[in-house]
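The values are calculated or read from the model by the stated rules, or taken from the named source; none is laboratory data. As the structure is a prediction and not an experimental result, all values here were calculated from the model. All Cβ positions, even for glycine, are placed from backbone atoms using ideal geometry, and neighbour counts span all protein chains on display.
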């Protein structure tokens, strides 16, 4: 199973690098219970999820190598239209949680990346977002990563 997940992550990273994404919705990593596919978006938790001391799940809607890539603006716009306050900006392999994103997506540590993401307090809500976003926006999201608030300090 671990080999399969690594293969999926490598495939996603390759898709990011060549500018296309998987045709299947990404599964949230972590201890999530199965979530039925739904087109209903979960509540926006962007103002509260970072205040907890526990883990959270970040859905990466777009990951690009350049800051002026139109996919970033498109992703930010679509996430905002869905009622969310997305996080946008560059990530660095030196930052604790950013390094987790690099590891999970198998990104090149020598390359700067830019992301549009949405945080959730549970894996189930993150997965619900992935399903709902996928139903409204093709090709969907790049991936979901479990992160730790204690790392952000």
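Does the stretch 59-74 hold any residues that are more than 17 Å from residue 120 (Cα to Cα) and under 16 Å from the mean Cα position of the chain (by Cα), and which are they? So that I can check it myself, show each step before the final result.
So the first thing to find is which residues in the stretch 59-74 are more than 17 Å from residue 120 (Cα to Cα), and the list is 63-74.
Residues satisfying the conditions are 63, 64, 65, 71, 72, 73, 74.
So residue 88 fits all but one of (1) in contact with a helix residue (DSSP H, G or I) (Cβ under 6 Å, 6 or more places away or on another chain); (2) over 27 Å from residue 41 (Cα atoms); what number is the exception?
Residue 88 satisfies every listed condition except (2).
Going through the stretch 114-153 one residue at a time, which ones are surrounded by fewer than 22 Cβ atoms within 10 Å (Cβ to Cβ), touching a strand residue (DSSP E or B) at 6+ places or on another chain (Cβ under 8 Å) and within 19 Å of residue 70 (Cα to Cα)?
114
Please tell me if residue 44 is over 15 Å from residue 143 (Cα atoms), surrounded by 17 or more Cβ atoms within 10 Å (Cβ to Cβ) and modelled with pLDDT of 80 or more. So that I can check it myself, show each step before the final result.
On the way: over 15 Å from residue 143 (Cα atoms): yes; surrounded by 17 or more Cβ atoms within 10 Å (Cβ to Cβ): yes; modelled with pLDDT of 80 or more: yes.
Yes: the conditions hold for residue 44.
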